[in-house]
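The values are calculated or read from the model by the stated rules, or taken from the named source; none is laboratory data. Everything numeric here is computed off the predicted structure, so don't read it as measured data. Note: ideal-geometry Cβ built from the backbone for every residue, glycine included; neighbour counts use all protein chains shown.
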Amino acid sequence: MRRLARLAVNVGTGVCVLGLGKAHALAHGYPFTGTSRFAWSLGFVLALVVAAYGFGIPDLPRTRRRAALSAIGATAAATASISVLQLFVGDALLPRAVVFGAALVLVPWYVLCTRVAGDIRSRAEDRDRVVLVGDVDEADTLRAELDRAAERHAVVAAAVAPADLALVDPPHLPLVELTAAAHATVLVLSRRAQSDEDVVLQAARLHETGMRVRTLSLFYEQWLGKLPVAELERVSLLFDVGELHAPGYARVKRLFDLALGAVGAIALAVLVPIVAVLDLVANRGPLLFRQPRVGRDGRAFSILKFRTMRTLAGSGEPTVEHDPRVTAFGRVLRRTHLDELPQVLNILRGELSVVGPRPEQPHLVAELSAKLPFYRLRHLVRPGLTGWAQVKYQYAGTDVEALEKLQYEFFYLRRQSLALDVRIVGRTVRSVIGRDGR
């Protein structure tokens, strides 16, 4: 149903813009599909759809006020983009009645779709009630994970240790009774529970009644988009990696990188003279910042960014929020994420991909490889400008946070696909629009 809400946003946008365009053509006596305005109308539809996704419509806003602000922001952003383009070209690409009329119609439509998605989300939260058979620490961790960054909403309705589910009296099935009392819809078994015959027998009985049964590892993947810590030391990490074991995917991914890299290179060419001039005012020094990073197969390369710090600032120290070394203009570049744009050159050279594990500095790789199990697995693929760990967890400044981030990176390696790559790019756009950069 949530997919229907998203589809309604996209279809409604197309119907609105194209309908207004057709109405304007009929009113003024010109063929709509036979002119360039039809193509620009499709471009305006695309701009509105991208802006709506970036502002979280219909998934993220939780209140009517947030829904209204997001809808206004999305339509305003798309309207501004087409208006600036018309000003730059010096021609009325689309009639004002179509541009501003679409904005007026789509704001209430986006609010309606968001409210429908919110109602569906609330029902989903009530529907996924989990009973976990595992240790206390596993239950506490799972509750915290579901509260923080769930891909699918769920609540731990009950948790029980495997030892408490022994079949002392054959007619008595404690796990069946517990799931009934908790109104559970999903049963999750920890690794220890999977080796307990009494637990497996009762789980099989529940499965026959239609109960969804998952291992803890699979539940983490499907509901949280990560691998649990316990899995990072086991043979379950010996999975196929798309870039290594699926040549067709690897080729398509590279074409995807080159296409987006080419578009980014055009934007970079436009931005370089602007940044160079503004650097003279508020960010004196070299235009670019270069830093060694570890790439695919452990090979080092120089990553490129627009410089955001004073030239005397130490480049080896990690940056922190409100870092005093960042210049005034550098803060603008970071907030807008424009400092990352020169990395399109790394993408075109094959050192980076658009999507992949974020590359780290050599000394950090050496430290983390010594501390974290299977850390070097992330270097089997080309690192990325953005990645699943970035959109899910953002920054990692400690060993504990690095381990948390690694769980998301291994999920990406395990599930690599073009669909997941596109999903990550979309979430990155949403993150850039919705949050401050660092």
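The table for this structure:
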{"read-out": "Candidates ARG331, ARG415, ARG349 - the one that is assigned by TED's automatic domain parsing to the domain that holds VAL281, surrounded by fewer than 17 Cβ atoms within 10 Å (Cβ to Cβ) and within 30 Å of LEU280 (Cβ to Cβ)", "value": "ARG349"}
{"read-out": "Matching residues, region 76-102, being more than 16 Å from LEU18 (Cβ to Cβ) and within 30 Å of the chain's Cα centre (by Cα)", "value": "ALA76, ALA77, THR79, ALA80, SER81, SER83, VAL84, LEU85"}
{"read-out": "From VAL11, VAL15, VAL45, VAL49, residue being in a helix (DSSP H, G or I), hydrophobic (A, V, I, L, M, F, W, C), free of Cβ contacts under 8 Å to residues at least 60 places away in the same chain and in contact with a Gly (Cβ under 6 Å, 6 or more places away or on another chain)", "value": "VAL45"}
{"read-out": "Checking ASP119 against (1) assigned to a helix (DSSP H, G or I); (2) touching a Phe, Trp or Tyr at 6+ places or on another chain (Cβ under 6 Å); (3) charged (D, E, K, R), the condition it does not meet", "value": "(2)"}
{"read-out": "Number of the exception - LEU227 against (1) part of a helix (DSSP H, G or I); (2) buried (at least 20 other Cβ atoms within 10 Å of the Cβ)", "value": "(1)"}
{"read-out": "Scope region 156-179; condition closer than 16 Å to VAL130 by Cα and either exposed (fewer than 14 other Cβ atoms within 10 Å of the Cβ) or touching a Pro at 6+ places or on another chain (Cβ under 7 Å) (or both); matching residues", "value": "GLU177"}
{"read-out": "Residues being at pLDDT below 90, assigned to a helix (DSSP H, G or I) and out of contact with any Phe, Trp or Tyr (no Cβ under 8 Å at 6 or more places or on another chain) - total across region 271-286", "value": "1"}
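Results for (1) closer than 30 Å to THR327 by Cα; (2) among the acidic types (Asp, Glu); (3) touching a residue at least 60 places away in the same chain (Cβ under 8 Å); (4) in the same structural domain as GLY426 (by TED's automatic domain parsing), shown as yes or no for each residue.
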{"position": "LEU237", "(1), (2), (3), (4)": "no, no, yes, no"}
{"position": "PRO247", "(1), (2), (3), (4)": "no, no, no, yes"}
{"position": "VAL252", "(1), (2), (3), (4)": "no, no, yes, yes"}
{"position": "ALA262", "(1), (2), (3), (4)": "yes, no, yes, yes"}
{"position": "ILE266", "(1), (2), (3), (4)": "yes, no, no, yes"}
{"position": "PRO273", "(1), (2), (3), (4)": "yes, no, no, yes"}
{"position": "ASP279", "(1), (2), (3), (4)": "yes, yes, no, yes"}
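A quick yes/no check of all residues on (1) part of a loop (DSSP other than H, G, I, E, B); (2) out of contact with any Pro (no Cβ under 8 Å at 6 or more places or on another chain); (3) at pLDDT 90 or above:
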{"site": "PRO61", "(1), (2), (3)": "yes, yes, no"}
{"site": "ALA68", "(1), (2), (3)": "no, yes, yes"}
{"site": "ALA71", "(1), (2), (3)": "no, no, yes"}
{"site": "ALA74", "(1), (2), (3)": "no, yes, yes"}
{"site": "LEU93", "(1), (2), (3)": "yes, yes, no"}
{"site": "LEU106", "(1), (2), (3)": "no, yes, yes"}
{"site": "ALA139", "(1), (2), (3)": "no, yes, yes"}
